[in-house]
Amino acid sequence: MVLTYSQYNKLKKGDKAPEFELKGIDDKIHFLSEFKGKNLLIVFMCNHCPYVQPKFDYLNELQEKYKKYLTVIGINSNSAVIEEDSFENMKEYAETGNFKFLYLDDNTQKTARSFGAECTPDPFLFDKEKKLVYHGRFDDAHMYDHEEGNTAELEDALQQLIEGKKVTVKEEPSCGCNIKWK
């Protein structure tokens, strides 16, 4: 495991989310363009990362709590060489974790590269026009459940967005395992 931090050299605040075409664990192909009228949280994640696993329940909670305003999407960009991150295992993790959010497979890694994603988890929050408003950590509880943290930067940013305010939450880099590039 190589500890890696979010990078800010690709997408900047106000940039549009890059289009994608990815297969979901529902065996359907999904496009960015299908998610209209809601804010969008895209989290680059995987199954095996000890920094992501404690956030599975929190992602479910965010999807349920804000479903009127938000669509949560997890994207696994790890090379399938990591058996635990295979498409079949994505389905298994989603079923075991009762994922309430969409989980997509970026086996070409083009989507991760177009976003500038570097680590797992690497959250990107977009407004209804799919413009980036926040790219940073969930909280300060790296490797621990959200409830164990002292901060909630992502949710604070989401609250500002929902309230129609400018998102001013300070972006602290997320950290976790590096994406396993081919």
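The spacing between segment 18-74 and segment 94-115, judged by their C-alpha centroids, is 7 Å.
Over 20 Å apart at the Cα level, from the set Lys36/Lys67; Lys65/Lys110; Lys13/Lys165; Lys38/Lys110; Lys67/Lys180, are Lys65/Lys110; Lys38/Lys110; Lys67/Lys180.
Counting only DSSP beta bridges whose two residues both lie in the chain, roughly 65 percent are antiparallel. Rounded to whole numbers, the Karplus 3J(HN,Hα) couplings from phi for segment 42-49 are 10, 10, 6, 8, 7, 7, 8, 5 Hz, using 6.51 cos²θ - 1.76 cosθ + 1.60 with θ = phi - 60°, and x at Gly and Pro.
With contributions of -39500 (n - 2.57) from each DSSP H run of at least four residues, the per-residue ellipticity at 222 nm computed over the chain stands at -5500 deg cm²/dmol. Taking amide H atoms as placed 1.01 Å from N in the peptide plane, the amide H of Leu102 lies under 5 Å from those of Val72, Gly74, each 5 or more residues away in sequence or on another chain. Both numbers refer to the Cα atoms of the chain; Rg and Dmax are 14.7, 43 Å.
Selection among His30, Ala94, Ala17 by position relative to the dipole of the chain gives Ala17 as farthest towards the positive end (Cβ unit charges, Cα centre).
When the gyration tensor of segment 1-74 is built from Cα positions, what are the square roots of 5 times its three eigenvalues, in whole Å, from largest to smallest?
Values: eigenvalues 85, 64, 43 Å².
Its equivalent ellipsoid spans semi-axes of 21, 18, 15 Å.
Antiparallel versus total DSSP beta bridges in segment 1-105: what percent is that, nearest 5? Bridges in segment 1-105 that DSSP calls antiparallel: roughly 30 percent.
No lab work stands behind these numbers, since they all come straight from the coordinates. All figures in this text were calculated on a predicted structure; none of them were measured in a lab. All Cβ positions, even for glycine, are placed from backbone atoms using ideal geometry, and neighbour counts span all protein chains on display.
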